[in-house]
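Nothing in this text is a laboratory measurement; each read-out follows from the coordinates by a stated rule. If you're wondering where the values come from, they're calculated on a predicted model, not measured in any experiment. FYI the Cβ positions are ideal-geometry reconstructions off the backbone, even for glycines, and counts take in every protein chain you see.
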Amino acid sequence: MDQEFFEKEDPKEDEYDVPGKPIYEVVIVHGEQEARKLVAKLQANPFAELLKFKPCETSTRGDAFWVGALLSGHLKSKALSFHAEGIRNIETKPGCWSELEIGVFEGDKQVGVFKRNYPSHVPFAPFVWKGKTYALYSKDYICTRIMTLPDCQDVGGEEPKPNGFCPVELYVPVNPLTGESSGFGFVAGCVWGDDSSWKIQYLDLSRVEEGIITRDDRLGYIHLPSKMSLVEAVEPTSFDLRLGSWYNIRITVDKYYSAQGKVYDDSRD
């Protein structure tokens, strides 16, 4: 298999005006014909700009090849035009939190509004799943919900409960071939009373069309670094083009050391 086929000139630093960080994508293929088809898909893909290839390397497993491709980091989503922002605080009872009125926008046009029973944070992550546009959002500070777009109708999600997880940021990785969700996401926030730092948990979004999302702590007790957003801290790094799914996710965490070199965990203690 000719190495020249997989090499392109390295782009200059300012050649691509693409938001986000680069993603190194590893593609496993078997044989030259399949490799050429997958490379053609990448070149024609409207959702992730192909920056360059790395030389292919023949693995020890027969005729399997590992092919590297550098894609734009903040992958383009079909739902990219939607966003939410706080409009105004609404006073409630004396001594109680104010509510936050949040507008939902498609580009510059406001398409909806909802109230959040907490005076700050606008957790909102639009995405497309099976051809329909949704967003993860939080109108009750202690749970994550699902709305459809652009009609902004609540269609399910978590129910409020005393030990719920309070979201402050939401992130749904994009499938670089389709511009749709990859079927999972992440939430940063805290269990009520444990708000010294934000923790990261996993969201299963494979049943959002049924109004169901499942959150769990399979990642462990991970803290979001204090100077990073959730999107910056969670980085999909390897995507299998044949399976159509991510199989490696890198998560940045804090590490603390004493002056004597003792390693602490990332608990801020």
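Treat the count of other C-beta atoms within 10 Å as a stand-in for reagent exposure and order Tyr221, Tyr257 from fewest to most.
On the way: Tyr221 12, Tyr257 9.
Ranked by crowding around the Cβ, least crowded first: Tyr257, Tyr221.
Sorting Val191, Val104 by the number of Cβ atoms found within 10 Å of their own Cβ, with the fewest placed first, yields Val191, Val104.
Restricting attention to the stretch 82-233, the count of lysine pairs at 8 or more positions apart or across chains with alpha carbons under 19 Å apart stands at 7.
Assigning unit charges at the beta carbon (Lys, Arg +1; Asp, Glu -1) and nothing else, what dipole magnitude in debye, to the nearest 20, does the stretch 82-233 show about its Cα centre? Could the numbers behind the result be given before it?
Working: 15 positive and 21 negative charges, 14 e Å.
Dipole magnitude for the stretch 82-233 comes out near 60 debye.
Put in line by how crowded their Cβ is, counting other Cβ atoms within 10 Å and starting with the fewest, Thr214, Thr144 read Thr214, Thr144.
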